[in-house]
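Coordinate-derived values only; no laboratory data. Because the structure is predicted, anything quoted here is derived from the model rather than measured.
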Ligand code: 5CA
């Protein structure tokens, strides 16, 4: 565990603080292996890839939208556009860092630099427990889908690319 991430204001610390506000203390797990991608995280945890809640940033014009999707799914930009009545594109890596305060591979569902509108993939609701990134590419935290909805205020939607 490097001093940089554990320092107050560091990436991991910001997620731990955000979770503590919701009473979710002691949830973060540091792993010896990479959790940079959903598949990495699933392998490291020994869970299904569908149980990984990946946090992906999209831009609807000027508005950033955080989509929290099941690791088993690709997000349909067409469905997202239909829900938002706006054209949508994936955020660039620099936009992800600027708008969330985290780098790709560790973007968490909470603890962002600014408030983000959140949309949650309905497929995450089928699991008793799911796992999300905790700010770095080797930290995750476990929670229930209900807790995810509470802490993000996210809207549950059908967002999966079919086929
Ligand atoms: N820590 C893991 C599991 S929780 C994680 O963060 N997975 S993830 O899926 O949320 O993050 C990787 C995602 O970042 C990819 O699915 C992809 O959508 C996005 N990504 C990867 N490279 C880029 C890039 N250059 N620009 C924009 N987005 C990217």
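Annotations for the structure displayed:
- Distance histogram in 5 Å bins (all Cα pairs of the chain, percent per bin): 2, 10, 20, 23, 23, 14, 6, 2, 0
- Cα gyration tensor category, rounded, prolate or oblate, for the range 76-154 with a/c compared to 1.5: oblate
- Rounded, prolate or oblate (a/c below 1.5 giving rounded, otherwise prolate when a/b exceeds b/c) for the range 43-100 by Cα gyration tensor: oblate
- Overall form of the range 1-66 per C-alpha gyration tensor (a/c, 1.5; a/b vs b/c): oblate
- Bridges between two residues of the chain, per DSSP, are antiparallel at a rate of about 65%.
- Helix 11-20 vs. the chain, principal-axis angle (Cα, 0 to 90°, nearest 10): 80
- Calculated mean residue ellipticity at 222 nm for the chain: -7500 deg cm²/dmol, from DSSP H runs with n ≥ 4 weighted as -39500 (n - 2.57), summed, divided by the residue count and rounded to 500.
- The range 134-163 and the range 27-54 have Cα centres spaced 13 Å apart.
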